[in-house]
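The values are calculated or read from the model by the stated rules, or taken from the named source; none is laboratory data. Here the structure is a predicted model, which means the values were calculated and not measured. Backbone-built Cβ (ideal geometry, glycine too); neighbour counts: all protein chains shown.
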Amino acid sequence: MITPLVMLVDDEAPFVETMTKRLKKRDLDVIAAFSGREALEILNKNQNIDIVILDVKMPGMDGIETLKEIRARFPLVEVIMLTAHATVESAIEGMKLGAFDYLMKPCDMGQLIGKVNEAVRKKRGHEEKIREAHVKEILTKRGF
């Protein structure tokens, strides 16, 4: 399986640095973004991102606004929301808006890696269905 490309989005630089190191130790490729706007700019430039791990509470464009934009512009990218206790309602709202799942901060690395792997399987399954539909369409047009 191709190594998943994960984007970690959080406005707290020390958290991003620590989590990036921990995720890389578990054989994930990681790109960091420190705001919702930066995350969207990176997604525009890098179509290979599989999963976004997104903090709910950020200044400016918060996690919910960022999630809405990701779902609208990059529908195959799966999003895992990270939330502190006070923002559980926002995480639930995120699930309603199409987030793959949410985890409480600080999150257990094993649980996070498990969610990332599940999300990657879901995304790759969708991509495979799209490829199969394209092949079927081409074959149908050619009379097969």
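Does K45 satisfy the criteria of being of a type in the set (K, R) and within 19 Å of P106 (Cα to Cα)? No. Of all residues in region 104-115, those being free of Cβ contacts under 8 Å to residues at least 12 places away in the same chain and either in a helix (DSSP H, G or I) or in contact with a Gly (Cβ under 6 Å, 6 or more places away or on another chain) (or both) number 3.
Note on region 124-142: residues that are over 19 Å from the mean Cα position of the chain (by Cα), of a type outside the set (A, V, I, L, M, F, W, C) and closer than 20 Å to P75 by Cβ amount to 5. Restricting region 1-43 to residues that are touching a Phe, Trp or Tyr at 6+ places or on another chain (Cβ under 9 Å) and loosely packed, with under 15 Cβ neighbours inside 10 Å leaves a set whose member that is nearest to T66 (Cα to Cα) is E12.
Residues that are farther than 20 Å from L5 by Cβ and in contact with a strand residue (DSSP E or B) (Cβ under 7 Å, 6 or more places away or on another chain): does region 113-126 have at least one? Among the residues of region 113-126, not one is farther than 20 Å from L5 by Cβ and in contact with a strand residue (DSSP E or B) (Cβ under 7 Å, 6 or more places away or on another chain), which makes the answer no. Scanning region 72-103 for residues that are without any contact (Cβ under 8 Å) to a residue 60 or more places away in the chain, outside any helix (DSSP H, G or I) and touching a Leu at 6+ places or on another chain (Cβ under 8 Å) returns F74, V77, V79, I80, M81, T83, L97, G98, A99, Y102, L103.
Quick one: which of E78, E132, E93 is at pLDDT 95 or above and out of contact with any Pro (no Cβ under 8 Å at 6 or more places or on another chain)?
On the way: E132 fails: at pLDDT 95 or above; E93 fails: at pLDDT 95 or above.
Within the list E78, E132, E93, the selection yields E78.
Annotation note: Cβ proximity below 7 Å between a residue of region 116-138 that is in contact (Cβ under 8 Å) with a residue 40 or more places away in the chain and a residue that is among the charged types (D, E, K, R) and surrounded by 10 or more Cβ atoms within 10 Å (Cβ to Cβ) (sequence gap 6+ or interchain) occurs for A119/E78; V120/D50; K122/E78; K123/D50; K123/E78.
Would it be correct to say that T66 is assigned to a helix (DSSP H, G or I) and under 14 Å from V6 (Cα atoms)? Against the criterion (assigned to a helix (DSSP H, G or I) and under 14 Å from V6 (Cα atoms)), T66 does not qualify.
Closer than 27 Å to E41 by Cβ and surrounded by fewer than 15 Cβ atoms within 10 Å (Cβ to Cβ): which single residue out of E78, E127, E89 fits that description? Give the steps one after another, and end with the answer.
Working: E78 fails: surrounded by fewer than 15 Cβ atoms within 10 Å (Cβ to Cβ); E89 fails: closer than 27 Å to E41 by Cβ.
E127 is the lone residue from the list that is closer than 27 Å to E41 by Cβ and surrounded by fewer than 15 Cβ atoms within 10 Å (Cβ to Cβ).
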